[in-house]
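Undergrad: Let me give you the structure first, and then I'll get to my questions.
The values are calculated or read from the model by the stated rules, or taken from the named source; none is laboratory data. No experiment lies behind these values; they were computed from the predicted model shown. Backbone-built Cβ (ideal geometry, glycine too); neighbour counts: all protein chains shown.
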Amino acid sequence: MTHDIAQMFRKLNLALVLVPFFFLGLTLCPGMRDSSVATGASGPEPTYKVIHHVSYVHPADLIRNGRLYLPDSHGLHPAIVLIHGGGWAGGSNHDGGVSFLAPRLAARGWVVFNINYRLVRQGGAFPKDVQDVKDALAWMILNAKKYRINSSEIIPVGLSAGAHLALMAAYTIKADRFPATQYPHVPLHVKAVVGFYTPTDSSIINLLPKKSWAYKTVFKYVGAWVKRHPHHGLQTASPVFYAHDGVPTLLVQGLADRLVPAFQATEMAAALKKNGVPVRVVMIPNIGHAFMSLADKARPVGFAVLLKFLDQQCSLDENPAATVAAVH
């Protein structure tokens with residue numbers, strides 16, 4: 001048995017050991033007054049408006065923009081930067097997972113900025129796309145008054161590669177790594193961060209066959225960075241490397257995920273807990289990758305867990321003007 005294979009087995013064993021320890025009960029939070037929001041059952045139409053093609057850079061370009069969902073209720077609202085997946089090389093803010101989440105979160109009273117960012121072929125190789133996410137965060141802070149955003153309650157939520165970007169953006173704020181290029185003087189801050197099926201440790205590339213799709217995908221994304229930083233390149237492209245500067249974190253993971261193995265979540269959680277950072281991990285049995293994009297039994301479970309975490313982190317339920325509406 002080679003060292004790499006032995007390391008893989010140790011990580012798999014770690015996942016099996018930590019799953020019971022980190023498993024979070026899947027009950028709806030007390031503040032969820034209408035469970036039909038999570039399930040997608042029929043009900044009243046949501047009350048929010050959508051502004052399309054909102055650019056968060058100047059001058060505006062065709063890539064770094066998003067759809068802004070604004071609840072109609074009065075008062076300040078907590079906000080979410082929603083980040084699609086696609087292996088850092090594909091996808092858009094029209095993808096199934098983010099398209100499912102955005103209107104449902106807006107219907108619950110969240111301002112949602114469902115963004116696009118530069119992909120690898122568009123000059124978005126690491127760390128440029130991380131900086132795009134930070135530019136989107138800075139844009140929301142700068143425009144908080146205009147869009148009635150509570151700038152102290154902004155949470156990045158990402159799926160797959162977008163989850164990697166969400167964690168990287170959140171965890172590197174304190175040390176000012178990979179700063180927002182458009183708004184370098186805007187103080188960034190996030191309340192928490194959420195990742196669905198999150199790649200947390202880029203060093204997994206060392207365990208993959210070099211001809212595999214996964215290896216090629218990761219190498220295209222971080223390869224140039226690693227060449228420039230040969231000693232710590234893979235580490236510095238990994239959220240787990242910044243656990244000491246973490247923020248409250250929710251990780252939602254399918255136990256049958258073959259693209260992003262479950263040990264990525266448990267390894268991240270262990271590192272955060274070691275550094276005293278609050279973290280919750282939800283493992284969903286018999287579920288693979290990208291389940292938030294699929295209309296199956298796992299998606300409403302993942303959404304219910306997300307809502308519980310968001311309600312616990314922010315003051316939405318304390319706002320009497322916040323309303324809940326179901327989404328078809």
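Undergrad: Given the conditions (1) closer than 22 Å to SER55 by Cβ; (2) surrounded by fewer than 23 Cβ atoms within 10 Å (Cβ to Cβ), which single one is not true for ASN206?
TA: (1)
Undergrad: Just one of LYS210, LYS227 is out of contact with any Gly (no Cβ under 6 Å at 6 or more places or on another chain), in a loop (DSSP other than H, G, I, E, B) and not small (Gly, Ala, Ser); which is it?
TA: LYS210
Undergrad: Suppose the filter is touching a Lys or Arg at 6+ places or on another chain (Cβ under 8 Å) and modelled with pLDDT of 95 or more; does MET268 pass it?
TA: It is false that MET268 is touching a Lys or Arg at 6+ places or on another chain (Cβ under 8 Å) and modelled with pLDDT of 95 or more.
Yes/no per residue for (1) touching a Ser or Thr at 6+ places or on another chain (Cβ under 8 Å); (2) surrounded by fewer than 17 Cβ atoms within 10 Å (Cβ to Cβ):
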site: LYS211; (1), (2): no, yes
site: TYR215; (1), (2): no, yes
site: TRP225; (1), (2): yes, no
site: PRO230; (1), (2): no, yes
site: THR236; (1), (2): no, no
site: VAL240; (1), (2): yes, no
site: THR249; (1), (2): no, no
site: ALA271; (1), (2): no, no
site: VAL281; (1), (2): yes, no
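Undergrad: Looking at PHE291 and the list (1) touching a Leu at 6+ places or on another chain (Cβ under 9 Å); (2) among the hydrophobic types (A, V, I, L, M, F, W, C); (3) under 21 Å from LEU310 (Cβ atoms), which single condition is not satisfied?
TA: (1)
Undergrad: If LEU62 meets every condition in (1) among the hydrophobic types (A, V, I, L, M, F, W, C); (2) more than 19 Å from LEU310 (Cα to Cα); (3) buried (at least 17 other Cβ atoms within 10 Å of the Cβ) apart from one, which number is that one?
TA: All conditions are met except number (3).
Undergrad: Still on this structure, I have one more. Kindly provide the set of residues from the range 166-192 that are of a type outside the set (Lys, Arg), under 24 Å from LEU307 (Cα atoms) and either outside any loop (DSSP other than H, G, I, E, B) or in contact with an Asp or Glu (Cβ under 8 Å, 6 or more places away or on another chain) (or both), ordered by number.
TA: ALA166, LEU167, MET168, ALA169, ALA170, TYR171
Undergrad: Next question, about the same structure. Among the residues of the range 230-244, is there at least one that is under 27 Å from PRO300 (Cα atoms) and over 18 Å from the mean Cα position of the chain (by Cα)?
TA: Taking every residue of the range 230-244 in turn, none turns out to be under 27 Å from PRO300 (Cα atoms) and over 18 Å from the mean Cα position of the chain (by Cα).
Residues checked against (1) aromatic (Phe, Trp, Tyr); (2) within 18 Å of ALA138 (Cα to Cα); (3) modelled with pLDDT under 95:
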position	(1), (2), (3)
TYR171	yes, yes, no
PRO187	no, yes, no
ASP201	no, no, no
PRO209	no, no, yes
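Residues are listed down the side, and each one gets a yes or a no for (1) in a loop (DSSP other than H, G, I, E, B); (2) under 14 Å from ASP135 (Cβ atoms); (3) free of Cβ contacts under 8 Å to residues at least 40 places away in the same chain; (4) more than 16 Å from the chain's Cα centre (by Cα):
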{"position": "ALA60", "(1), (2), (3), (4)": "yes, yes, yes, yes"}
{"position": "LEU70", "(1), (2), (3), (4)": "no, no, no, yes"}
{"position": "HIS74", "(1), (2), (3), (4)": "yes, no, no, yes"}
{"position": "GLY86", "(1), (2), (3), (4)": "yes, no, no, no"}
{"position": "ALA89", "(1), (2), (3), (4)": "yes, no, no, yes"}
{"position": "LEU101", "(1), (2), (3), (4)": "no, no, no, no"}
{"position": "ALA106", "(1), (2), (3), (4)": "no, no, no, yes"}
{"position": "GLY109", "(1), (2), (3), (4)": "yes, no, no, yes"}
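Undergrad: Quick check on my filter: what residues within the range 256-298 are within 15 Å of the chain's Cα centre (by Cα), assigned to a helix (DSSP H, G or I) and more than 18 Å from GLY246 (Cβ to Cβ)?
TA: PHE291, MET292, SER293
Undergrad: Could I ask something else about it? Just one of GLY124, GLY195, GLY162, GLY158 is in a helix (DSSP H, G or I), touching a residue at least 24 places away in the same chain (Cβ under 8 Å) and either closer than 24 Å to GLY91 by Cβ or of a type outside the set (Asp, Glu) (or both); which is it?
TA: So the residue among GLY124, GLY195, GLY162, GLY158 that is in a helix (DSSP H, G or I), touching a residue at least 24 places away in the same chain (Cβ under 8 Å) and either closer than 24 Å to GLY91 by Cβ or of a type outside the set (Asp, Glu) (or both) is GLY162.
Undergrad: Can you confirm whether ILE155 is surrounded by 21 or more Cβ atoms within 10 Å (Cβ to Cβ) and either in contact with an Asp or Glu (Cβ under 8 Å, 6 or more places away or on another chain) or closer than 25 Å to SER99 by Cβ (or both)?
TA: yes
Undergrad: Sort out which residues of the range 119-130 are within 19 Å of SER202 (Cα to Cα) and not aromatic (Phe, Trp, Tyr), and write them in order of number.
TA: Those that are within 19 Å of SER202 (Cα to Cα) and not aromatic (Phe, Trp, Tyr): LEU119, VAL120, GLY124, ALA125, PRO127, LYS128, ASP129, VAL130.
Undergrad: Which of the following residues is modelled with pLDDT of 95 or more and within 26 Å of LEU234 (Cα to Cα): GLY87, GLY96, GLY66?
TA: Unique residue meeting the criteria: GLY87.
Undergrad: Go through the range 67-115 and report how many residues are of a type in the set (Asp, Glu) and closer than 19 Å to SER293 by Cβ.
TA: Residues in the range 67-115 being of a type in the set (Asp, Glu) and closer than 19 Å to SER293 by Cβ: 1 in total.
Undergrad: If you go through the range 198-239, how many residues are aromatic (Phe, Trp, Tyr) and without any contact (Cβ under 8 Å) to a residue 24 or more places away in the chain?
TA: Of the residues in that region, 3 qualify.
Undergrad: Also, I was wondering about something else. Based on this model, can you work out whether LEU255 counts as crowded, with 22+ Cβ neighbours inside 10 Å and either at pLDDT 95 or above or farther than 18 Å from LEU159 by Cβ (or both)?
TA: no
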